[in-house]
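Have a look at this one.
Quick note: the coordinates plus some simple rules give every number you see, no bench work behind them. Keep in mind it's a predicted model, so treat the numbers as computed, not measured. Positions of Cβ are generated from backbone atoms using ideal geometry, with glycine treated the same way; all protein chains shown enter the neighbour counts.
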């Protein structure tokens, strides 16, 4: 199969394991492209992509923009801080104004869950969800699973624990869907206040003891505490959080076997992870960043392949 | 309808040997030359030629690579089913080298055009030559001509040439199929 079963990438929940495998094999090719002397292919040279970021982002935005440019697409950037949204324009109006300028694809990050899905029902362009509130962040989960596959050879049968603020994390939810579709076992670990009450209904294990979770897993995906999403105090202090759930070399040295550490970034050094661990040979954090560009190139290429050419 | 055998395994072996002699005539010990096979089917011919050059003609340290051109095709979004890319592996520098681009069948020339663009992403070669096993002459859409040709075949668009290898189809041979539905 060489075509995705969906027209937009809104979330991992509605794509199939075959779609994920296709994205991975395409990303393998793009990973080779981004390591060549001339890191560009002309495939998307007649496509225009708008990056609509209604929420702040550095690395996701840069990663998408780089992926788009490596595919030779034309890129326009919109950020809500300096825009008509502040003048009261609705989401559909904002996007339709941009599409009237013949934009073919939209990469959108929005603070409201479901924003990307809503948009896909009202506009003609292809949409890639770059994060919708606390709902999904599909390209992050794809690059995380791809990095697991790169490190361990396969995702099937592997044990991955996601540590941290699961409650507010779209990365956690998308990762749970993606890893399970690929046959991995998933555990979440964090304080009870930061783990959604019925999360075990998704088929994940739950642990509140870091050392047990790390002994169980092959890979630990560590999340940042999302202070900007927290309306109440979920734990007494950051110091107490890092004493109980922070990853440091002492904890890693106590484990039965070595594990691999992942983090979607940005890292809060000294909170959820120490510098020593983040910079150690256990960590594949920078590989995740490189893989992110390849995965996003694959997603954009495969979705663009479905856009009909103007005759 | 049965396919016509253009080259059987003995003729294919002779043709590959003859192509190797021609290559050595121009490239001597290959110290300034590299071979790049085009994916997906040119790599088998490239490997076969590299094997003969290395084992029979004792060319040392021959550099061979494979190049996929899927992202450089001019029919992206124009075909009903998009193609899946194969791998590229060029682990050497092509800057200032003589590149021998190898494919099994030369038909419209569009694959070679894409191959030239893809190859330039790796550097600027001194010169590029094209080696093909089968040249379907008079079928070109672009001004592309081979420098080394195994066999020239006159064919029409309803025909298809298939190069089969021991490694993949269990037998070395080149076949001509008639794919039109209105025969007999």
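Determine the percent antiparallel among the DSSP beta bridges restricted to region B:26-184, to the nearest 5.
If we restrict to bridges inside region B:26-184, about 25 percent are antiparallel.
Now for a separate question. Calculate for chain A the 222 nm mean residue ellipticity that helices alone would give, adding -39,500 (n - 2.57) per DSSP H run of length 4 or more and normalising by residue count, nearest 500 deg cm²/dmol.
Helices in chain A give a 222 nm mean residue ellipticity of -11000 deg cm²/dmol.
Could you check which residue among A:191, A:17, A:236 shows the biggest mean-square fluctuation in a GNM of chain A with a 10 Å Cα cutoff?
Sorting by GNM fluctuation, first place goes to A:236.
Along the three principal axes, how long is region A:108-160 when you take its alpha carbons, biggest first, rounded to the nearest angstrom?
Principal axes ranked by extent give 41, 22, 15 Å for the Cα atoms.
Further question on the same structure: Would you mind getting me the FRET efficiency between residue B:8 and residue B:55? Use the beta-carbon distance for r and R0 = 25 Å, nearest 0.05.
Here the calculated transfer efficiency is 0.65.
Continuing with this model, one more query. Let me know the whole percent of all Cα-Cα pairs from region A:177-243 that are separated by more than 21 Å.
Summing the P(r) of region A:177-243 above 21 Å gives 30 percent of all pairs.
Return, for the Cα atoms of region B:1-155, the radius of gyration and Dmax in Å, separated by a comma.
15.5, 48
How high is the FRET efficiency between residue A:233 and residue B:96 when r is their beta carbon distance and R₀ equals 51 Å, given to the nearest 0.05?
The value I calculate is 0.20.
Here is a further query. Roughly speaking, what % of Cα-Cα pairs in region A:22-93 are separated by over 15 Å, rounded to a whole number?
Counting every Cα pair in region A:22-93, those more than 15 Å apart make up 63 percent.
Only bridges with both residues in the protein assembly as shown count here: give the DSSP antiparallel percent, nearest 5.
Counting DSSP beta bridges with both partners in the protein assembly as shown, the antiparallel share is about 15 percent.
Report P(r) for region B:113-167: all Cα-Cα distances, bin width 5 Å, range 0 to the bin holding the largest distance, values in whole percent.
Values per bin, smallest distances first: 4, 14, 22, 22, 18, 13, 7, 1.
How many nm separate the modelled label positions at residue B:87 and residue A:76, each set 7 Å beyond the Cα in the direction of the Cβ?
About 4.1 nm, to one decimal.
Grab the alpha carbons of region B:30-84, take their convex hull, and tell me the volume per residue in Å³.
Hull volume over Cα atoms, normalised by residue count, gives 79 Å³.
Over every pair of different alpha-carbon atoms in region A:127-215, take the mean of 1/r and invert it; report that Kirkwood radius in Å.
Roughly 13.2 Å, rounded to one decimal.
Normalised by the residues of region A:168-311, what does the relative contact order come to in percent, with Cα pairs under 8 Å and at least six apart?
Worked out over region A:168-311, it gives 20 percent.
Which residue fluctuates the most in chain A, going by a Gaussian network model with Cα springs under 10 Å, if the choices are A:43, A:283, A:174?
Comparing A:43, A:283, A:174 in the GNM, the peak value goes to A:43.
Taking chain A on its own, what percent of its Cα-Cα pair distances exceed 29 Å?
Result for the distance tail: 36 percent.
With a cut-off of 8 Å between alpha carbons and a minimum separation of six or more residues, what is the relative contact order of region A:231-311 in percent?
28 percent
Go ahead and set up a Gaussian network model of chain A, Cα springs under 10 Å, then flag whichever of A:61, A:181, A:257 fluctuates most.
Judging by the Gaussian network model, the answer is A:257.
Shifting gears a bit: Using only the alpha carbons of region A:74-156, what is the convex hull's orientation-averaged projected area in square nanometres?
7.2 nm²
Tell me, Kirkwood radius of region A:48-188 from alpha-carbon pair distances, in Å?
The answer is 16.2 Å.
Restricting things to alpha carbons, tell me how big region A:259-302 is in terms of Rg and Dmax, in Å.
12.6, 39
For chain B, what is the calculated [θ] at 222 nm in deg cm²/dmol (nearest 500), taking -39500 (n - 2.57) for each run of four or more DSSP H residues and dividing by its residue count?
When only DSSP H runs of four or more count, the value is -8000 deg cm²/dmol.
Then there is this: Would you kindly compute the Cα radius of gyration of region B:1-51 and its largest Cα-Cα separation (Dmax), both in Å?
13.4, 47
Right, next: Can you pull the Rg over Rh of region A:232-291, Cα-only, Kirkwood?
Answer for region A:232-291: 1.01.
Output the direction-averaged projected area (hull surface divided by four) of the convex hull of the alpha-carbon atoms of region A:177-299, in nm².
8.5 nm²
Another question, then. If you line up the long axis of helix B:42-55 against the longest principal axis of chain B, both from Cα atoms, how many degrees apart are they, to the nearest 10?
Rounded to the nearest ten degrees, it is 40.
Let me ask something else. May I ask you to derive the relative contact order of region B:43-127, considering only C-alpha pairs under 8 Å and at least 6 residues apart, and to give it as an integer percent?
For region B:43-127, the relative contact order is 36 percent.
Next question, about the same structure. Kindly list the residues of region A:25-64 that lie in the label zone of residue B:78, defined by a backbone N under 19 Å from the point 7 Å along the Cα-to-C-beta vector.
From region A:25-64, the list is A:41-48.
Separate question: How far is helix A:138-152 tilted off the main Cα axis of chain A, in degrees rounded to 10, range 0 to 90?
It is inclined by approximately 50 degrees.
Pairing the Cα long axis of helix A:285-304 with the longest principal axis of chain A, what angle in degrees results, from 0 to 90 and rounded to the nearest 10?
Compared with the principal axis, the helix lies near 30 degrees.
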